[in-house]
Amino acid sequence: YTQGTPLVVRTDNGPQFKSHKFRAFFENNEELLIHERTPNRTPNKNAYIESFHSILERECFKRHIFMDFEEAFDVLDRFMDFYNNRRIHMSLYGYSPAEFKAKLERNEVNAFKIAV
């Protein structure tokens, strides 16, 4: 992210991403955010989030039976902490996202453009 450059938020075409409120949010923040939709029936165009959903399902949801919302929230919160701070990501040269970000800030690794 470069300050002054809008972030791109890529979504599929689910109804939650077509709502008036969602559209208005992006219109009100157009200097900061750009909304980009993937073509219908093309999960490969959103490969990173599809991969994350697969990992979340396999490593979190299939390992737990939640008795209530609070338990689900707690388990998901702990999983996200693990995912971002301790889980190794081969796409980040074997670092966790937090480690990669710290190394990037110290110029110990090179940034790379994510494009699909």
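Worth pointing out:
- Set Lys62, Lys113: member being within 25 Å of Thr11 (Cα to Cα), at pLDDT 95 or above, of a type in the set (Lys, Arg) and exposed (fewer than 10 other Cβ atoms within 10 Å of the Cβ): Lys62
- Number of positions in segment 11-60 that are small (Gly, Ala, Ser) and farther than 26 Å from Lys101 by Cβ: 3
- Residues within segment 3-61 that are charged (D, E, K, R) and closer than 30 Å to Asp74 by Cβ, tallied: 7
- Test: residue in segment 1-10 that is in contact (Cβ under 8 Å) with a residue 12 or more places away in the chain, over 27 Å from Lys103 (Cα atoms) and among the aliphatic types (A, V, I, L, M): no
Here's the yes/no breakdown for (1) part of a helix (DSSP H, G or I); (2) under 17 Å from the mean Cα position of the chain (by Cα); (3) more than 21 Å from Thr11 (Cβ to Cβ):
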site: Glu27; (1), (2), (3): yes, no, no
site: Glu31; (1), (2), (3): no, no, no
site: Ala47; (1), (2), (3): yes, yes, no
site: Ser54; (1), (2), (3): yes, yes, no
site: Ala72; (1), (2), (3): yes, no, yes
site: Ala102; (1), (2), (3): yes, no, yes
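Results for (1) surrounded by 13 or more Cβ atoms within 10 Å (Cβ to Cβ); (2) free of Cβ contacts under 8 Å to residues at least 24 places away in the same chain, shown as yes or no for each residue.
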position	(1), (2)
Ile49	yes, no
Met67	no, yes
Val75	yes, yes
Asn84	yes, yes
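- Complete set of residues in segment 74-100 that are touching a Pro at 6+ places or on another chain (Cβ under 8 Å) and in a helix (DSSP H, G or I): Tyr83, Asn84, Asn85
- Test: residue in segment 21-30 that is surrounded by fewer than 14 Cβ atoms within 10 Å (Cβ to Cβ), under 30 Å from Glu105 (Cα atoms) and touching a residue at least 12 places away in the same chain (Cβ under 8 Å): yes
The values are calculated or read from the model by the stated rules, or taken from the named source; none is laboratory data. Quantities reported herein were computed from a predicted structural model and do not represent experimental measurements. Reconstructed Cβ throughout: ideal geometry from the backbone, glycine too, with neighbour counts over all protein chains shown.
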